[in-house]
Amino acid sequence: MTVRAEPVEAQIKLLNRSPFDKLRVNGIVLMLVTILFPSVALAVEVEPPRLELAISPTEPTAGGLEIRNPGDKSVEVRVTPGPYRFLQPGLKLPSCQDWLRFEPDRFTLAAGATATVAYSIQPPENLGADAAAEYLAAIQVDQFPAEESVRPEQAVHPSTNAQGERRVEGPTAPKARLTIVPRIALPVYLMIQGREKVDVELAAVEPRVQEGKARLLRLDTTLKNRGTVHARPSGTFALFQGDGQMHRAGPLGKGIPVLPGTSLTLTSYIPLPPPGPYRLVTTLETEGQELLQKETRLEITEEGEVVRQREP
């Protein structure tokens, strides 16, 4: 009699990715996985990278995801709803995880192929009585290696030795198999129509010296979201010399969405300017509200320190 050994699957959730960059395996992780597990394929690619929708509180919403396999082997793909993964500690916002359904939710994707997964969003019946304006969740896309049958050389044969002890013989004994499971977590932001309020405050701009191998001028820009839905602000800074000449300009540091009731500090660095008076103009742009600007006057001393001057 031939007994086939069923390998033990140990699924490791390798990647709970931040979806704000291109949805591939992180470069460092990919390098390590490629070295240690050369048979592991790249993670699948998903479009769009996130769902940001204004939905009716009473009607279902439907759409689709495009999932592509850039690798050279077939993979099993599983799509499930999950919790929003980017909350700040202590922050609680309502979840829409239970509203999401997918079809198909598990399938085989051939090398180089693209599949469309339909999603449907069904709000609960009592949503109209809820005061919340935004609900959060994530779409989890897991990639599994395509299933392989046990090869003949993996067959295990039980036998009995001279002492009557039963043992297992064969070229391959049962072994645990480690399965690397790349995961992409797409954030989901569902805003309830009629309840959206965008209100981002340019709360503070703080210039200071950053010590290091080279002394830098560090610009910390703090934003506060006083609205009811998340916002994706972007902005610039411009540093002018005392005579009005522009010394340096650039974008504010890269940030993540500002959730309702939270603050976010964006940080930018520039080489420390020569001593003298300066005027820093910070501009913030947020879709759905007027342009915001804040002016900060400062002086760089001969000792290389930053002194804030009275606001104009």
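The values are calculated or read from the model by the stated rules, or taken from the named source; none is laboratory data. Fair warning: this is a prediction, and the values are worked out from it, not measured in the lab. Glycine also receives a Cβ, built like all others from the backbone with ideal geometry; neighbour counts cover every protein chain displayed.
Assorted remarks:
- Pair list, Cβ < 6 Å and 6+ apart or interchain, from the stretch 197-220 residues that are assigned by TED's automatic domain parsing to the domain that holds residue 295 to residues that are among the aromatic types (Phe, Trp, Tyr) and surrounded by fewer than 18 Cβ atoms within 10 Å (Cβ to Cβ): 216/269; 218/269
- Some residue of the stretch 277-289 being buried (at least 18 other Cβ atoms within 10 Å of the Cβ) and under 21 Å from the mean Cα position of the chain (by Cα): yes
- Residues of the stretch 246-301 classified as polar (S, T, N, Q) and within 30 Å of residue 54 (Cβ to Cβ), total: 8
- Output for the stretch 231-251, where each listed residue is touching a residue at least 24 places away in the same chain (Cβ under 8 Å), surrounded by fewer than 21 Cβ atoms within 10 Å (Cβ to Cβ) and more than 21 Å from residue 304 (Cα to Cα): 231, 232, 234, 236
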